[in-house]
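Down below is the structure, laid out as structure tokens.
The values are calculated or read from the model by the stated rules, or taken from the named source; none is laboratory data. Just so we're clear, the structure is a prediction, and the values are computed from it rather than from any experiment. Cβ placement follows ideal geometry from the backbone for every residue including glycine, while neighbour counts extend to all protein chains displayed. Each accessible area value is taken on the protein alone, full model and side chains, heavy atoms only, with ligands, DNA and RNA left out. Shrake-Rupley method; radii C 1.70, N 1.55, O 1.52, S 1.80 Å.
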Amino acid sequence: MQNKWIGLLHHVCNDHDWPGGSCDHGDLPEDHSLPWFDRRSKDFEALQKIILDPALLESFKFYIKFR
């Protein structure tokens, strides 16, 4: 579950296969109307800060235990 959570950082940048993981969805339509994140943008940096928050990542052990 934690790997999928961190994988969001790849997915939102239109990177669906990366070393150590990949998205579970099939092919996406070519005419995707929403823009992808740019890894250099302030928005991506803010999202990355949330997704990689050590306290949040540490809490995943509780979510996995009770699913």
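Quick notes on this structure:
- When residues in segment 4-51 are screened for being modelled with pLDDT under 85, open to solvent by 100 Å² or more (accessible area, probe 1.4 Å) and of a type outside the set (A, V, I, L, M), 4 of them pass.
- Listed by first and then second residue, the pairs linking a residue in segment 48-64 that is at positive phi to a residue that is surrounded by 12 or more Cβ atoms within 10 Å (Cβ to Cβ), with Cβ atoms under 8 Å apart and 6 or more places separating them unless they lie on different chains, form an empty list.
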